[in-house]
Amino acid sequence: MDINKLKEKFQELYGECGRVYASPGRINIIGEHTDYNGGFVLPGAVDKGIVAVIKFNGTDKVNAYAFDLNENSTFGLIEGQGPKEQWAKYIFGVVRELQKRGAVINEGFDTVFSGDVPLGAGMSSSAALESTYAYALDDMLSLGFSKMDLAKVGQMTEHNYVGVNCGIMDQFASVHGKAGFLMKLNCKTGEFDYVPFDPDKYGYKVCLVDTCVKHELVGSPYNRRRESCENAVRAIKKRHPEVDFVGDADLAWIEEVIGEIPQEDYIRALYARQEVDRLQEACAAMEKGDYETAGRKMYGTHIGMSVLYEVSCVELDFVNEIAKQCGVTGSRVMGGGFGGCTINIVKKELYDNFIVTVQKRYKEEFGIDCKIYPVVISDGSRRLE
Ligand code: GLA
């Protein structure tokens, strides 16, 4: 991303330049749809994200310019004065969520932002946007929020201003990311460890294959998946009051409620519970350098997400199948699903053949080019310069 271009645009629109902040998108090795189910996740921040220039402007309005869309939005700082533009709702939501937590934000700001995290690829472009503004406002106003608070500000922006009842993974990863490390987060307690991630040392490369099928969680069945799991929990709780999340329940307890809840809710809960265990097994294997076991678990996740959770699509299933045929160690749909990317752990000697094959076969099958993104694990939200 060309930061100088962004600064020039800011100066052209608003005069004297402001501060520059950035936040990344994320990958997730395994643990999908486990965050809102009281399980663990294993994300890492990537070298792609959002960069914003921002400066307070002495008025009670925010003037925002989305560089990549060439669009402006002006909105206020109080409820009822929000923007019409969908992309600007993320910025307004962050302001409001900070205010709800006690921050005094009564002066507006001018801002220009741009991103290189592909939109709709399941790499959390929206979390990167939220984290950028949460982090920037906290820093500029010395609000003193913890990183976890800032992640929650982003998450609640999704819930209250965008309409996606997401878990905490994306915003958490964007704010807390650290170059060379994954984060193993207990989504129930908020405790986490940085886990060194060095596939190169063990002879592997990691890449994303973007099907370019746009994944869109707003208005998508994402919220319905969550409701299914919550419905299963309500039924299980009648016999086992200690259960607050699917991740708390024994598999046998989920089976006890077959027949009491719609079958759809049962199979969603079954997937989520299995995924909670799969993450633990994959993580333990990976920490010993056993990428083969971790890779098998990733394929297991793909099947679960495709058959039980039903958040895959023909294009993702196709790319996953090609990975298998090419001997890729681990491959699965990444993120919320419904399009976007697969994440792939590939032995170095098989990498080039996989890339050529998947690009060729995908084009033959669907008539569109898939994109390949090598994964570079990077730092989280920060001020630049
Ligand atoms: C989206 C959500 C996350 C998480 C993933 C699936 O990215 O924003 O909270 O639920 O889907 O793991």
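The values are calculated or read from the model by the stated rules, or taken from the named source; none is laboratory data. Predicted, not measured: the structure shown is a model, and the values here were computed from it. Don't worry about glycine lacking a Cβ; one is built from the backbone with ideal geometry, like all the others, and counts go over all protein chains shown. The area values use the complete protein model at the heavy-atom level, side chains included, leaving out ligands, DNA and RNA. Shrake-Rupley method; radii C 1.70, N 1.55, O 1.52, S 1.80 Å.
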- [ ] Provide the per-residue ³J(HN,Hα) series for the range 99-106, in order, calculated from phi with Karplus coefficients 6.51, -1.76, 1.60 and θ = phi - 60°, each as a whole number of Hz, with x at glycine and proline positions.
- [x] 4, 4, 8, x, 6, 8, 10, 10
Open item on the list: In whole Hz and in residue order, list the ³J(HN,Hα) couplings for the range 253-260 that follow from phi through the Karplus curve 6.51 cos²θ - 1.76 cosθ + 1.60, θ = phi - 60°; x for Gly and Pro.
Closed with: 5, 5, 5, 4, 9, 4, x, 8
- [ ] Enter the angle in degrees (range 0 to 90, nearest 10) between the Cα long axis of helix 314-325 and the first principal axis of the Cα atoms of the chain, meaning the one along which they spread out most.
- [x] 60
- [ ] With all protein chains present, calculate the accessible area of E16 using a 1.4 Å probe and round the result to the nearest 10 Å².
- [x] 140
Open item on the list: Could you compute the net charge surrounding I322? Neighbours are other residues with a C-beta less than 12 Å from the C-beta of I322; K and R count +1, D and E count -1.
Closed with: -1
Task: List E275, E227, E321, ordered by accessible area with a 1.4 Å probe, largest first - done: E227, E321, E275
Task: C-alpha long axis of helix 3-14 to longest principal axis of the chain, angle in ° - done: 40
Task: ³J(HN,Hα) computed for each position of the range 118-133 - Karplus, 6.51 cos²θ - 1.76 cosθ + 1.60, integer Hz, glycine/proline x - done: x, 5, x, 9, x, 10, 6, 4, 5, 5, 4, 5, 4, 5, 4, 6
TODO: Determine the alpha carbon to alpha carbon distance for each of K178/K347; K178/K297; K48/K363; K288/K348; K5/K152 and list only those over 27 Å.
DONE: K5/K152
Task: Degrees, to the nearest 10: 348-366 long Cα axis against longest axis of the chain - done: 80
Open item on the list: What whole-number distance in Å separates the alpha-carbon centres of the range 230-292 and the range 26-97?
Closed with: 31
TODO: Any chance you could look up the accessible area of F181 with a 1.4 Å probe, heavy atoms only, rounded to 10 Å²?
DONE: 60
Open item on the list: Order 333-343, 249-259 from most to least packed using the mean count of other Cβ atoms within 10 Å.
Closed with: 333-343, 249-259
Task: Cα centroid separation, the range 316-385 to the range 128-194 (Å) - done: 26
Task: Calculated over the range 162-213: convex hull of Cα atoms, volume per residue (Å³) - done: 127
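Report the rotationally averaged projected area of the range 30-134 based on its alpha-carbon convex hull, in square nanometres.
That works out to 7.8 nm², a quarter of the Cα hull's surface.
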Task: Leading residue at positive end of dipole, the range 244-385 (Cβ point charges), from T293, V346, C313 - done: V346
Open item on the list: So, taking all protein chains as they sit and a 1.4 Å probe, how much accessible area belongs to D68, in Å² rounded to tens?
Closed with: 90
Task: Helix-only mean residue ellipticity at 222 nm for the chain, each DSSP H run of n ≥ 4 adding -39500 (n - 2.57), per residue, nearest 500 - done: -13000 deg cm²/dmol
